Every structure is written in C-alpha cells, then in structure tokens.
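The values are calculated or read from the model by the stated rules, or taken from the named source; none is laboratory data. Please read these numbers as outputs of a predicted model, since none were measured by experiment. Neighbour counts are summed over all protein chains in view; Cβ atoms, including those assigned to glycine, are modelled from backbone coordinates with ideal geometry.
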Amino acid sequence: MYDTNKISLENHLNFIDNMPKNRIYLKVEDLGVINFKIINDTAELGLHKNPEKKRVGNILLKTAIDYAFDELKIKKIILYVFENNVKAINLYKNFGFVESNKKDNIIKMELLKSEK
C-alpha cells in the first residue's frame, strides 16, 4: 500500500477498523497486516506495516507470497508502489517482482508463481 503522508498511529488504527470487507486479511503477529483483493487467479497485494516496528518488510512480504501461492492458489500477485519509494521497490525486486506498468508516479509490479 502507499501513502504520500506519514500515517499516525490513530489514523492507522482507524484505517484497520474500517478496512473493506471484500478482501482477505492476515494479521502477522504484531508486525502488520496483509490484505489480498482476489480477481480470478490474481491477487492485488497490500502490506500495512505496524508503524512502531522496523525492518519487517521481508517477513510480511514472504508471508504474503507464501500464503497467496500456497494457500490461495494464486498464479499472479500484483502491487503498486510510488516510484520514489526505492527501498520498497528494491525489496519487491529482491523477491522477484518486476515492473509491468507505470502511470504518473505509481509503478505496478507483478510476481508470477513460476518466478517464486
């Protein structure tokens, strides 16, 4: 998930309380929440890191990928990231995601199951 502003703990908790109900959510200990919007055999991925935790991106992303491919039997995962979020882009690339589209300053990235 992406946002151009720093998210306060209050806004973060409010967001979680009002998450759309048409998605699958996974709480990963106290590290964060993963959500999937399923469209056919594709999952749109959102990661919501606990703002009080540091360096948990690898754990959240590995958990998301494993769950999507192994449990949900998804064939492709997509996500969106701001082009200036180099740290996140590098994390996604380290897990095999590739850039598939760019509109304005948002990059769409994809990971196919065979690339896992």
Quick check on the stretch 24-43: of everything there that is within 16 Å of Gly57 (Cβ to Cβ) and touching a Phe, Trp or Tyr at 6+ places or on another chain (Cβ under 9 Å), which residue is surrounded by the most Cβ atoms within 10 Å (Cβ to Cβ)? Ile34
With a cut-off of at least 2 residues that are more than 16 Å from the chain's Cα centre (by Cα), name the helices (runs of 4 or more DSSP H) lying wholly within the chain. 9-17
Glu110 passes all but one of the listed conditions (1) closer than 28 Å to Ser8 by Cα; (2) in contact (Cβ under 8 Å) with a residue 24 or more places away in the chain; (3) not polar (S, T, N, Q); the exception is number (1)
Scan the stretch 31-62 for residues that are closer than 12 Å to Leu79 by Cβ, in contact with a helix residue (DSSP H, G or I) (Cβ under 6 Å, 6 or more places away or on another chain) and in contact (Cβ under 8 Å) with a residue 40 or more places away in the chain and jot them down. Leu47
With respect to Lys108, is the statement that it is of a type in the set (D, E, K, R), surrounded by 15 or more Cβ atoms within 10 Å (Cβ to Cβ) and on the phi < 0 side of the Ramachandran plot true? yes
When (1) over 22 Å from Asn5 (Cα atoms); (2) modelled with pLDDT under 95; (3) out of contact with any Gly (no Cβ under 8 Å at 6 or more places or on another chain) are applied to Glu115, the one that fails is (3)
